[in-house]
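This report concerns only the one structure given below.
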Amino acid sequence: MPTKPAPATDLAPDTVPDTAETRSTVRALLRLWPYVRPVRTRLGAAAVIAILASCVGLVIPLVLKWMVDGPVADRDPAGVWLGALYLLLLGLAEALLFGFRRWLVARPLAGVEAGMRADLYRHLQRLPVAFHDRWASGQLLSRGTTDLMLLRMFLAFPLTFLLVNGVTILVGVGIMLVQDWTLGLVILGPAIPVMITCGIFEKKYSAVARRAQDQVGDLTTVVEESVLGIRIIKGFGRHRSQARAFHELSHTLRGTELRKARLLAAIWAVIVTLPEVAIGAALVVGAVQVADGALSAGTLVAFLSTALALRWPVESIGFLLAMSQEAATATDRYFEVMDAEVEADPAAGSRAAGAMGVPPLERSREWGRVGAAAPSSEQRAVPEVGTNAVELQGLRFEHVLFRYPDAAPDSPPLLTDVDLHIRSGESMALVGATGSGKTTLTALVPRLHEVTEGRITLDGEDITALSREELRSMVAVAFEEPTLFSATVGENVLMGAGAGAGEEELDRALAVAQADFAHALPEGTGTQVGEQGLSLSGGQRQRLALARAVVGRPRFLVLDDPLSALDVHTEAAVEAALRQVLADTTALIVAHRPSTVLLADRVALLSEGRIAAVGTHHELLRTSPEYAHLMSGLDKPGDAEGPQERDGR
Ligand SMILES: Nc1ncnc2c1ncn2[C@@H]1O[C@H](COP(=O)(O)OP(=O)(O)OP(=O)(O)O)[C@@H](O)[C@H]1O
Ligand SMILES: [Mg+2]
């Protein structure tokens, strides 16, 4: 129940930000270079154009000076009109150049943002499950949305305008010093205090910006959880407490945003006030000089209009710095995810993109190939026990020890010494008390988690020696929680098959999983399901997930309690169909009920981190009190033994 969201640092333990002291804004932003590189020419051209536009603006005061000292002093109306025309043309040129700059950068920057977003998504797909266990989804979501938007805005404005404004200010100050150096020095007076203020501001703003962006991530997490868990929230009447939790978080974020605003207001006050005072002082000094005849009126007009033209470049520095800080924070947050190590795949070599990293279509093509190369039924027949070759066949766990990466280092491992051999073509049920690590053990086979010690082999080959693509094309899985994507029923099921797979395979898989209900949906197997589509019942989703697991005719099948949500009749029907599939594959099936156990040739009992017993259901009932206890009370003992007798096992 997501009523009490943890603070940012708990949600993403790896994201503890550097202190403002050790972190350099420029160094953070430099990491954007690889993305900016392809568009550097356009950005450079845009910056040059913006500088040109600004300098055109600075010529205006010089024309004014010419007008005041020339045509105005001489009372020459034609000259005044000509001056006015010059001013109009200069203004027009400035506007056109700025417009051209906008046009130059808009498209490439949208491309940069899209590229970075695509990279982030691709990387997220390749990160290990352990990473996703640790990170709150909202934190990832906010990095892919808000942070990337901040980066695009940074590239569009502050990056260019910090440069443009810097150059404009330098040129402007130069012009003013040339006009009259005493007045120029008066104007330059506030420069040092303004720079010191900017330095202090940067440091403070950086810390607050980081906090605000992390809090946006927390807020996103709460919204996401509440939307996904809306039934539970409503069912338990928790909407008020949920709203309160949300309110608290948004209140905290509001506080942080206000702190940002206060900092911005403070720097703005300094940046605006000091130059205004300096301009006022220059006006007084200048007016005295004009009265003394030491300065021409035109020069004073030019000087003051240059000073006024520089007001905007100076004032904007405040928010340009703020935006740069936010962008640096966004870059840090983006690369915190991008720097997380993807699943190492030594066996794949250059094909380092794990199966989860390649687009679904590519992956399904892989699956299809191996599906086609699946061994014939003779090969799959349970071989005689005893010979070495036979010993290598099938799925083997050898002294597997496993501890979750985020478990306390001194805690005992969840799986201490798992030794299990599932012979080729055999199906093995895995039984154990709840929380004993069954799901964990099954997740080790497709390498969703890495074994801490020991090894797992498929037909004698260590799974770590296979590339993830190969491995995941050999092993198909169905988990306890059947997940359907926002796609059609057919697409969801065929995810587990090759690209060439079509209606025929789909129909077969649906038949095996007893999911023929799919044909009766409003648009048959073309019906949209998942979050944006039709809601299916738990049992319906489970059967589709099962169909997905079997559609590619995998050599190894790992099913985590695949029949838990089915009613007795459907379960019996699915079992009957599954029996055919299991005859062709090597399978590990987590089972809670005797009826599921009976699908398998043998049963393994997982207890206290190791396989405590292996045998037929029948044998274990007799020899293992723990097994007998687990099986009793779930089904009637008579039921438990009955079907097996019928099967003659
Ligand atoms: N990602 C994780 N990080 C840390 N610990 C975990 C993680 N996932 C599960 N665990 C812990 O591992 C233990 C075994 O979990 P697992 O899901 O494998 O049990 P299970 O045998 O499948 O239980 P059930 O029969 O209820 O499905 C539990 O105590 C659980 O808290
Ligand atoms: Mg489980």
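The values are calculated or read from the model by the stated rules, or taken from the named source; none is laboratory data. Just so it is clear, the model here is predicted, and its values are computed rather than measured. Ideal geometry is used to build each Cβ from the backbone, glycine not excepted, and the neighbour counts take in all protein chains shown.
Just a few scattered comments:
- Put simply, of G138, G115 the only residue that is farther than 30 Å from C55 by Cβ and crowded, with 17+ Cβ neighbours inside 10 Å is G138.
- Of all residues in region 403-440, those satisfying the criterion of being within 14 Å of ligand 2 (Cβ to nearest atom) and over 27 Å from the mean Cα position of the chain (by Cα) are L414, L415, A429, L430, V431, G432, A433, T434, G435, S436, G437, K438.
- Residues (of a type outside the set (G, A, S) and in a loop (DSSP other than H, G, I, E, B)) located in region 528-546: E531, Q532, L536
- Selection count where residues are without any contact (Cβ under 8 Å) to a residue 40 or more places away in the chain and either more than 23 Å from I267 (Cβ to Cβ) or not in a helix (DSSP H, G or I) (or both), scope region 154-183: 4
- Residue check for E469: of a type in the set (D, E, K, R) and under 31 Å from the mean Cα position of the chain (by Cα): yes
- For region 102-123, the criterion of being part of a helix (DSSP H, G or I), among the aliphatic types (A, V, I, L, M) and within 16 Å of ligand 1 (Cβ to nearest atom) is satisfied by no residue at all.
- Matching entry among S206, S250, S226 (being assigned by TED's automatic domain parsing to the domain that holds R102, under 34 Å from the mean Cα position of the chain (by Cα), closer than 23 Å to L32 by Cβ and of a type in the set (S, T, N, Q)): S206
- Of all the residues in region 445-479, those that are within 16 Å of ligand 2 (Cβ to nearest atom) and out of contact with any strand residue (DSSP E or B) (no Cβ under 6 Å at 6 or more places or on another chain) number 2.
- Residues that are buried (at least 17 other Cβ atoms within 10 Å of the Cβ) and either assigned to a helix (DSSP H, G or I) or modelled with pLDDT of 85 or more (or both), drawn from region 11-34: L11, T15, T25, A28, L29, L32
- Yes/no for A628 being within 22 Å of V418 (Cα to Cα), within 16 Å of ligand 1 (Cβ to nearest atom), touching a helix residue (DSSP H, G or I) at 6+ places or on another chain (Cβ under 6 Å) and among the small types (G, A, S): no
- Here H519 meets each of (1) surrounded by 16 or more Cβ atoms within 10 Å (Cβ to Cβ); (2) not assigned by TED's automatic domain parsing to the domain that holds L444 with one exception, condition (1).
- Cβ-Cβ under 6 Å pairs, at least 6 apart or on other chains, region 548-561 side in contact (Cβ under 8 Å) with a residue 12 or more places away in the chain and closer than 14 Å to A497 by Cβ, far side assigned to a strand (DSSP E or B) and within 16 Å of ligand 1 (Cβ to nearest atom): A549/A478
- Inside region 512-542, residues that are touching a residue at least 60 places away in the same chain (Cβ under 8 Å) and in contact with a helix residue (DSSP H, G or I) (Cβ under 7 Å, 6 or more places away or on another chain) make up a count of 3.
- Taken over region 480-533, the criterion of being more than 16 Å from ligand 2 (Cβ to nearest atom) and of a type in the set (D, E) is satisfied by E491, E503, E504, E505, D507, D516, E523, E531.
- Of the residues making up region 613-631, those that are within 20 Å of E426 (Cβ to Cβ) and either basic (K, R) or part of a strand (DSSP E or B) (or both) are A613, V614, G615.
- Test: P71 is in the same structural domain as H247 (by TED's automatic domain parsing), out of contact with any strand residue (DSSP E or B) (no Cβ under 9 Å at 6 or more places or on another chain), under 30 Å from L228 (Cα atoms) and modelled with pLDDT under 85: no
- Segments classed as strands (runs of 3 or more DSSP E), wholly inside region 392-448, with at least 1 members that are surrounded by 20 or more Cβ atoms within 10 Å (Cβ to Cβ), near ligand 1 (Cβ under 10 Å from one of its atoms) and among the aromatic types (F, W, Y): 395-402
- Residues within region 184-213 that are part of a helix (DSSP H, G or I) and closer than 30 Å to K65 by Cα, tallied: 8
- Exactly one residue out of A443, A433, A429, A501 is modelled with pLDDT under 90 and among the small types (G, A, S), and it is A501.
- Restricted to helices (runs of 4 or more DSSP H) entirely inside region 461-527, those with at least 1 residues that are β-branched (V, I, T) and away from ligand 1 (no atom under 16 Å from the Cβ) are 489-494, 503-512.
- Residues of region 561-596 that turn out to be within 16 Å of ligand 1 (Cβ to nearest atom), within 23 Å of D417 (Cα to Cα) and surrounded by 22 or more Cβ atoms within 10 Å (Cβ to Cβ), as a count: 4
- Region 67-106, residues that are under 18 Å from L32 (Cβ atoms) and exposed (fewer than 15 other Cβ atoms within 10 Å of the Cβ): A106
- First in region 69-93 and over 20 Å from T299 (Cβ atoms), second anywhere and surrounded by 15 or more Cβ atoms within 10 Å (Cβ to Cβ), Cβ under 6 Å, 6 or more apart: A93/V56
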